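Written out below as structure tokens is the structure these notes cover.
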Ligand code: ATP
């Protein structure tokens, strides 16, 4: 059957963040941004920290995710993410504070700094800021 929408589900260890029909979605896949339309062929891909964009009735919304996996199968796109927040759930000030904290650490480079951890925190904060705007 030819479908006009696809079910998008976003699940974290904490909660079901999203479970609705969408017209299309674009995810930050490991190899770059990947668009998924209804009736997409089955696939599994790793996801980076970034922004998921999805359309409903032509209106675009955004969500921040901090890496995970997506499986597309039988007209469903299932995203399993470490954390995920819809744009309107994001505390922008908190994300801005997290960004400044990470930037300060990376600039000052204290001897005990876990650089990778600080870089990942910065990426999460930047994704949240983008998704909230
Ligand atoms: P922070 O330093 O502000 O805690 P973080 O990147 O370390 O940021 P995470 O460990 O990725 O935070 O997330 C912890 C929990 O807090 C998750 O449930 C996540 O969805 C939520 N969360 C993190 N930042 C925000 C935000 N700015 N707005 C809303 N929820 C957030």
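What follows is calculated from the coordinates using simple rules that are stated; it is not laboratory data. Small disclaimer: the values here were computed from a predicted structure and weren't measured. Please note: Cβ atoms are built from the backbone with ideal geometry, for glycine as well, and neighbour counts cover all protein chains shown.
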| In the stretch 35-50, what count of residues is obtained for those that are surrounded by 16 or more Cβ atoms within 10 Å (Cβ to Cβ) and within 12 Å of the chain's Cα centre (by Cα)? | 4
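Anything in the stretch 57-81 that is within 24 Å of residue 41 (Cβ to Cβ), within 11 Å of the ligand (Cβ to nearest atom) and touching a residue at least 40 places away in the same chain (Cβ under 8 Å)? List them, or say none. It would help to see each step written out before you state the result.
First, pick out the residues of the stretch 57-81 that are within 24 Å of residue 41 (Cβ to Cβ): 60, 63, 65, 67-81.
Filter once more, keeping what is within 11 Å of the ligand (Cβ to nearest atom): 63, 65, 67, 81.
Within the stretch 57-81, 63, 65, 81 meet the criteria.
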| Selected residue [away from the ligand (no atom under 13 Å from the Cβ), in contact with a helix residue (DSSP H, G or I) (Cβ under 7 Å, 6 or more places away or on another chain), over 27 Å from residue 34 (Cα atoms) and part of a helix (DSSP H, G or I)] from 106, 113 | 106
| task | Sort through 131, 29, 121 and tell me the only one that's within 10 Å of the ligand (Cβ to nearest atom), more than 20 Å from residue 4 (Cα to Cα) and touching a residue at least 24 places away in the same chain (Cβ under 8 Å). | result | 131
| said: Just the residues that are part of a strand (DSSP E or B) and over 23 Å from residue 126 (Cα atoms), please, taken from the stretch 11-58. | reply: 19, 20, 21, 22, 24, 36, 43, 44, 56
| task | Take the residues in the stretch 82-99 that are within 15 Å of residue 123 (Cα to Cα) and part of a strand (DSSP E or B), then tell me which one is farthest from the ligand (Cβ to nearest atom). | result | 84
